[in-house]
1. Binning at 20 angstrom from zero up to the longest distance, how are the C-alpha pair distances of the protein assembly as shown distributed in percent?
2. Which far-off residues, 5 or more places away or on another chain, put their amide H under 5 Å from the one on A:VAL102, with H placed in the peptide plane?
3. Any chance you could give the angle, 0 to 90 degrees and rounded to 10, that helix B:60-81 forms with the longest Cα principal axis of chain B?
4. Counting only other chains, and only Cβ atoms inside 10 Å, what mean value do you get across the residues of B:91-101?
5. Please go through region B:149-243 and write out the chymotrypsin sites (Phe, Trp or Tyr not before Pro) that DSSP classes as loop and that have at most 16 other C-beta atoms within 10 Å.
6. How long are the semi-axes of the equivalent ellipsoid of region A:250-311, taking √(5λ) for every eigenvalue λ of the Cα gyration tensor, in whole Å from largest down?
7. Neighbouring Cβ atoms within 10 Å as the yardstick, rank B:ILE39, A:ILE280 fewest first.
8. Between A:GLN194, A:GLN260, A:GLN108, find the one with the highest GNM mean-square fluctuation for chain A; connect C-alpha pairs within less than 10 Å.
Amino acid sequence: MPIITVEHLSKHFKVYRRRTGFWGNLSSTVSRKHDIIKAVDDVNFSLERGELVGYIGANGAGKSTTIKMLTGILVPTSGHIDVMGLTPYRQRKENTRRIGVVFGQRTQLWWDLPVIDSFELLKHIYEIPQNLYKQNLEFFSEMLQLQPFLSTPVRRLSLGQRMRCDLTAALLHNPEILYLDEPTIGLDVVAKEQVRQFLRQVNAERQVTVILTTHDLNDVEKVCQRLIIIDNGKIIYDGGIDDLKKRYGKTRMLIVDLAQAYSDIQLEGVDLTRRDGNRIWLAFDRDTISASEVIAQLTARYEIQDLTISEPEIEEIVRRIYELGVH
Amino acid sequence: MVRRYIKLYFLLAGAYVRSRLQYRLSFGLMCFGIVISEICLLGLLGALLAKFRTVNGWTWAEVVFLYGLGNLAYSFMRILGSQLDDFDRYIIRGELDGVLIKPVPPLFYILANRVELIHVSRALTSVAIFVVAFHLSGIRWTLDVALFTLTTILSGTLIMFTLMLISATVALWTTKSGKLTDLLISATKEATAFPISIYPLAVRLLLTFVLPVAFVTYYPAQQLLQKGEFLGMPELFQFGAPVVALVMLCVSYLFWCSGLRRYHSTGS
């Protein structure tokens, strides 16, 4: 039986239009016209216990709105949510006891107090039995090497250290589901890797179901087994990560600064996707043509000042899926 | 259940006080500043009354009595409800989401998270002022008087608190409400310091039925000082403070709940 079931879930926001000028302002206070924004639009998915799912999409695609509905912060406009047999917005308190939430941008810890004090407070807020608390604290301190800074005030921690503490804080009460909203945002490579490894381990050893939203495709590649992509409030992809990569992720992007603006650019096996003055963006499939071959073609025909190769970003993959459709 | 919440309240409030004490100098300076400002205000009141002798038939001692009573309720409200001062920050910075993912009632959590002890300095000053004024007004201490005074202070604190809660809740619709709260705090504080008989009828009605701060000091003082000045209102109003406090508590809490429902459906 799935741990989370979401059926025909929608969330619409009314956005009031404001007219400009004095009379415009006056008339908009009298009769306000509004547009309906479909932040989440007829979304369906279900998760099995123990899954590790990446929920991705561009800014404003509807990721956070979905997470907020699943955690009970927002009430859906229509549709049905079932989380462990509960309806989150109706049984908010029961639901919060069984989930953990990490907001990457905002810490849930007490800013001016030593880290350990935050954990102690959470013990009382979630009514965690003393022996379970001790056991969990030991487990996470060891796994995330928290010991050196347990008595340091949160405000003096580095971003990476703080994220490790926030992860612990979200897991002390043994939640069955862990929601993470951009947990790696702003972290350096080493800290990101630590977070990813931790998530895999927690998922494997404690059977915690993990849903994470991110902008970093590497997070998804290294952590998740399954990927849900949302765009404009609708799910446009739901499936395995390997499948997606096979289908869309082979495209590399070569960004070239040409010495002059050539009027006509002809290259084989390459798509010219964008052009801005002397800079051009070339997409190519690494299975059909190698980067060196593309560069060789380029240098043979044009004069080049600089070039960089970029890995496909989520935005790019989403854009491609959106353009090509899901097959 | 109740014990759990009392314990949790003290733990959270204690955490806030400990955070605050990380910045001892600022804490000390703010306490000092509050005491100084209280003394200055009292000096101003004294200077005014020295010139005019009485305010609408109220002697200096009686006005200071009103001032002390109002200020006591005010300082307790500031100690317990100071998180409502800048509640809109919870919405602007999205901190309310962090509250809603905790297994405790949101209002309880928000209030417990900040218990502002700097206002204890104000409360202590007010107690001193009140005791002196009590003595000067020639009120005799009996058990009845003591109980009535305590009920009055408690009801006054609640009435002021509920007004704060209502103005803070407005932020759940408008996102910002800090200025409104500031205005309401200072207006209610001023309004409790003088007999409302100095105001025109419209203002007296406003302070009785809309923002019922006249029940914080003016009406109960009729009983304590035996003034018998009711301005055409029922004499029962002198005992009305606890009833008004309870009604306001219900109204403000329902308003808070509807604000929260709105937040649940719109977010920030």
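None of the figures in this text is laboratory data; all of them are computed from the coordinates on show. From a predicted model like this one, the values you see are computed outputs, not experimental measurements. Every residue, glycine as well, gets a Cβ built from its backbone with ideal geometry; the counts of neighbours run over all protein chains shown.
1. Calculated P(r), rounded to whole percents: 17, 38, 29, 12, 3, 0.
2. Counting only residues 5 or more places away or on other chains, the set is A:TYR179, A:LEU180, A:ASP181.
3. That works out to roughly 10 degrees.
4. Details: counts 0, 0, 2, 5, 3, 1, 10, 6, 2, 10, 14.
Averaged over the peptide's residues, the number is 5.
5. Sparse-neighbourhood loop chymotrypsin sites (Phe, Trp or Tyr not before Pro): B:PHE230.
6. Largest first, region A:250-311 gives 18, 12, 10 Å.
7. Listing B:ILE39, A:ILE280 from fewest to most nearby Cβ atoms yields B:ILE39, A:ILE280.
8. Comparing A:GLN194, A:GLN260, A:GLN108 in a Gaussian network model of chain A, the most mobile one is A:GLN260.
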